[in-house]
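Everything below concerns the one structure shown next.
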Amino acid sequence: MRLDPGLDGPPGVAGGPFSRPERAYASRILREGVRSLLEQQPDIRIVGEAGDGRATVRLAKELRPHVVVIDMGMSGLNGIEATRQIREVLPGTRVLALVAILLSQRVTGA
């Protein structure tokens with residue numbers, strides 16, 4: 001996805017540090033829910049979306065987002081390693097890490 005021209009500045013300018021998030025979640029339902037919430041914000045433009053850790057790192061390097069919202073439970077390359085690789089190449093990119101826990105798994109285990 002492309003950004004509006006006014007939101008393509010550096011972090012903290014023309015839309016703030018959260019104006020260019022890339023979202024990376026393993027769960028399609030979680031991705032869709034977060035996308036829906038982010039799209040409601042007038043100062044946020046989603047520039048990419050990935051379904052696994054390797055694609056997340058590749059897209060982050062390509063798109064150079066201000067913020068990557070990442071699911072720690074991603075497949076292929078876990079969220080911790082993907083975050084490390086992103087921060088190594090893009091130290092100015094902020095990473096917001098989310099963890100999804102299915103309550104039914106916890107209840108069943110009890």
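The values are calculated or read from the model by the stated rules, or taken from the named source; none is laboratory data. Fair warning: this is a prediction, and the values are worked out from it, not measured in the lab. Here the Cβ positions follow ideal geometry from the backbone for every residue, glycine too, while neighbour counts run over all protein chains shown.
Okay, here's what the table says:
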| quantity | calculated |
| --- | --- |
| Complete set of residues in the range 30-50 that are in a loop (DSSP other than H, G, I, E, B) and farther than 13 Å from VAL68 by Cα | GLN40, GLN41, PRO42, ASP43 |
| Close pairs (6 angstrom Cβ cut-off, 6 or more residues apart or separate chains): closer than 21 Å to ASP52 by Cα in the range 28-41, hydroxyl-bearing (Ser, Thr, Tyr) anywhere | ARG31/TYR25 |
| Qualifying residue in the range 10-27 (condition: modelled with pLDDT of 50 or more, surrounded by fewer than 18 Cβ atoms within 10 Å (Cβ to Cβ) and within 17 Å of ALA97 (Cα to Cα)) | yes |
| Top-ranked residue in the range 68-110 [being of a type in the set (S, T, N, Q) and surrounded by fewer than 16 Cβ atoms within 10 Å (Cβ to Cβ); ranked as modelled with the highest pLDDT] | SER75 |
| Residues within the range 51-98 that are in a loop (DSSP other than H, G, I, E, B), farther than 19 Å from ARG28 by Cα and either touching a residue at least 40 places away in the same chain (Cβ under 8 Å) or out of contact with any strand residue (DSSP E or B) (no Cβ under 7 Å at 6 or more places or on another chain) (or both), tallied | 6 |
